[in-house]
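Encoded as structure tokens, the structure appears first; notes follow it.
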Amino acid sequence: MPAEATVYHLRTRNGDHEIDFIVQRADHRTVALEVKLSTNVTDTDVTHLKWLRGQLGDDLLDAAVLTTGQHAYRRSDGIAVIPAALLGP
């Protein structure tokens, strides 16, 4: 069964906000992903994901940062941190 979702890159018109991957279902519910070539995730790294959560509210199903780190966890602000290596072989 197909995922029936579309993948976008988001960049606001004035360039203030940018998110690497927006995965959106037909009902407009969304998952947002940032990719960082770092093992550590800082508050700065999740700024745009938190902004999007404020824009979409409950339509944002989840938000995550893909990293080069070794451990998956969820930050206290609710943003998931996922090592890219866990996505598959």
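For the structure I just gave you, tell me whether VAL46 is touching a strand residue (DSSP E or B) at 6+ places or on another chain (Cβ under 9 Å), surrounded by 13 or more Cβ atoms within 10 Å (Cβ to Cβ), of a type in the set (Val, Ile, Thr) and assigned to a strand (DSSP E or B). Spell out how you get there, then give the answer.
On the way: touching a strand residue (DSSP E or B) at 6+ places or on another chain (Cβ under 9 Å): yes; surrounded by 13 or more Cβ atoms within 10 Å (Cβ to Cβ): yes; of a type in the set (Val, Ile, Thr): yes; assigned to a strand (DSSP E or B): no.
Considered against the rule, which asks whether it is touching a strand residue (DSSP E or B) at 6+ places or on another chain (Cβ under 9 Å), surrounded by 13 or more Cβ atoms within 10 Å (Cβ to Cβ), of a type in the set (Val, Ile, Thr) and assigned to a strand (DSSP E or B), VAL46 comes out as no.
What single numbered condition from (1) part of a helix (DSSP H, G or I); (2) surrounded by 13 or more Cβ atoms within 10 Å (Cβ to Cβ); (3) small (Gly, Ala, Ser) fails to hold for ALA32?
Condition not satisfied by ALA32: (1).
Being in a helix (DSSP H, G or I) and touching a residue at least 12 places away in the same chain (Cβ under 8 Å) is the filter here; which residues of region 54-81 pass it? Break it down stepwise before answering.
Step one: filter region 54-81 for residues in a helix (DSSP H, G or I), giving 54-59.
Matches in region 54-81: LEU56, ASP59.
Quick one: count up the residues across region 3-21 that are in contact (Cβ under 8 Å) with a residue 24 or more places away in the chain and in a strand (DSSP E or B). Steps first, answer last, please.
To start, the set of residues in region 3-21 that are in contact (Cβ under 8 Å) with a residue 24 or more places away in the chain comprises 10, 17-19.
Next cut, in a strand (DSSP E or B) only: 10, 18-19.
Of the residues in that region, 3 qualify.
In region 72-89, which residue that is touching a strand residue (DSSP E or B) at 6+ places or on another chain (Cβ under 8 Å) and either of a type in the set (A, V, I, L, M) or modelled with pLDDT under 95 (or both) is surrounded by the fewest Cβ atoms within 10 Å (Cβ to Cβ)? Full working, then the answer.
From region 72-89, those touching a strand residue (DSSP E or B) at 6+ places or on another chain (Cβ under 8 Å) are 72-75, 78-84, 87; that's our starting set.
With the extra rule that they be either of a type in the set (A, V, I, L, M) or modelled with pLDDT under 95 (or both), the set shrinks to 72, 79-82, 84, 87.
Working: ALA72: 13, ILE79: 21, ALA80: 17, VAL81: 21, ILE82: 18, ALA84: 13, LEU87: 8.
Looking at the filtered set, the residue picked out is LEU87.
Are there any pairs, at least 6 apart or on different chains, whose C-beta atoms fall under 8 Å, with the first in region 22-42 and among the aliphatic types (A, V, I, L, M) and the second surrounded by 18 or more Cβ atoms within 10 Å (Cβ to Cβ) and assigned to a loop (DSSP other than H, G, I, E, B), and if so, which?
What qualifies is VAL41/GLY69; VAL41/ILE79.
If a residue has to be touching a helix residue (DSSP H, G or I) at 6+ places or on another chain (Cβ under 8 Å), more than 22 Å from ALA3 (Cβ to Cβ) and modelled with pLDDT under 95 to count, how many in region 23-54 make the cut?
Residues that pass the stated criteria total 1.
The values are calculated or read from the model by the stated rules, or taken from the named source; none is laboratory data. Everything numeric in this text was worked out from a predicted model, so none of it was measured. So basically every Cβ, Gly included, is an ideal-geometry build from the backbone, and we count neighbours across all protein chains shown.
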